[in-house]
Each structure stands twice: as structure tokens, then as C-alpha cells.
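Undergrad: This is the structure, below, for whatever I ask next.
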Amino acid sequence: MAVRKLEPTEWKVFFDTYSRDVLMSDRAEYADLRLLSGTLGNLEGTSWLPLRGITWDPGNEILEIILEDLDHLVTRPSEIYVEQDGDGAIRSMEIVEKDGTKQILEMR
């Protein structure tokens, strides 16, 4: 598995396709979300909740991560990195915000 940087021009199509093709399949995905901040340290966000979708709203510059019972919004991310397996499923994702804060989403 290789990590690759997604260019902002790819975000909408990539996450729409991922949500449609992978998350709507029979295979359940669970996600763990963590926040890594230079000022706040490492913070747990969630613990293995079912992942329902990921969308990018370019007009409002919001990345939305939809988990069971949680709608997590990341406003104006500056970089997104993904690690995918051979089937196209995301194993991990790193979202870098403009202030350097990183949000790590791991999937299984």
C-alpha cells in the first residue's frame, strides 16, 4: 500500500466515487478518528464507528466525514493524503489543516 497526496482538484470526484463504490458495497468499513495538534497534543476523536460516507463541498471548502451518529466537518483543509489497498479501499487518511493540525482517519 502506498500513500499518495490527493490534489484539491481530485477531492470531489475521489470522495464521491469512494462513497458510492466502496462504502455502498456489502463490505462494512469502520473508522477511528484522531486529532494531532501542536497546541492541544494528541486527542481521540472516535473509536471504530461505522463509516457512512466522505464528501467534499468545494463551494464551502468543507470535508465531511459521516460516521454513525457523528457528522464530522473539516473546514478548509490544505492537504489530504490517502493510503489505499489493492481493492481501492482507504486504509488511512491524513487531513492537514492550514494551521498544521492533522486529523488521522484509520479504516478497517
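Undergrad: Please state the charge dipole magnitude for the chain, taken about the Cα centre, from unit charges on C-beta atoms (+1 on K and R, -1 on D and E), reported in debye and rounded to the nearest 20.
TA: 200
Undergrad: Also, I was wondering about something else. Using the C-alpha atoms of the range 61-108, what convex hull volume per residue, in cubic angstrom, is computed?
TA: Per-residue hull volume (Cα only) is 80 Å³.
Undergrad: So, one more: Work out from phi, with θ = phi - 60° and the Karplus expression 6.51 cos²θ - 1.76 cosθ + 1.60, the ³J(HN,Hα) of each residue of the range 2-11, listed in order in whole Hz, and give x for Gly and Pro.
TA: Going residue by residue, I get 10, 8, 9, 7, 8, 6, x, 5, 8, 4 Hz, with x marking Gly and Pro.
Undergrad: Could you rank the peptides 89-102, 63-76 by their average count of other C-beta atoms within 10 Å per residue, with the highest value first?
TA: Per-residue Cβ counts within 10 Å, averaged per peptide and sorted highest first, yield 89-102, 63-76.
Undergrad: How much length is gained on full extension from Glu7 to Leu70, taking 0.36 nm per residue of separation minus their Cα-Cα distance?
TA: 20.1 nm
Undergrad: Would you please state the base-10 log of I(q)/I(0) at q = 0.20 1/Å for the chain, with intensities from the Debye formula using one equal scatterer on every alpha carbon?
TA: Values, matching the q order: -1.10.
Undergrad: At 1.4 Å probe size, with the rest of the protein present, what percent of the exposed accessible area of the chain is carbon and sulfur atoms?
TA: 49
Undergrad: Oh, and also: Given the DSSP H assignment, sum -39500 (n - 2.57) over each helix run of at least 4 residues in the chain and divide by its residue total; what's the result at 222 nm in deg cm²/dmol, nearest 500?
TA: Rounded to the nearest 500, it is -2000 deg cm²/dmol.
Undergrad: Suppose accessible area is computed on protein heavy atoms with a 1.4 Å probe; arrange Asp21, Asp32 from highest to lowest.
TA: Descending order: Asp21, Asp32.
The values are calculated or read from the model by the stated rules, or taken from the named source; none is laboratory data. Note that the coordinates shown come from a computational prediction; the quantities given were computed from them, not determined experimentally. For neighbour counting, all protein chains shown are included, and Cβ atoms are generated from backbone atoms with ideal geometry for every residue, glycine included. All accessible areas refer to the heavy atoms of the entire protein, side chains included, with ligands and DNA or RNA removed. Shrake-Rupley method; radii C 1.70, N 1.55, O 1.52, S 1.80 Å.
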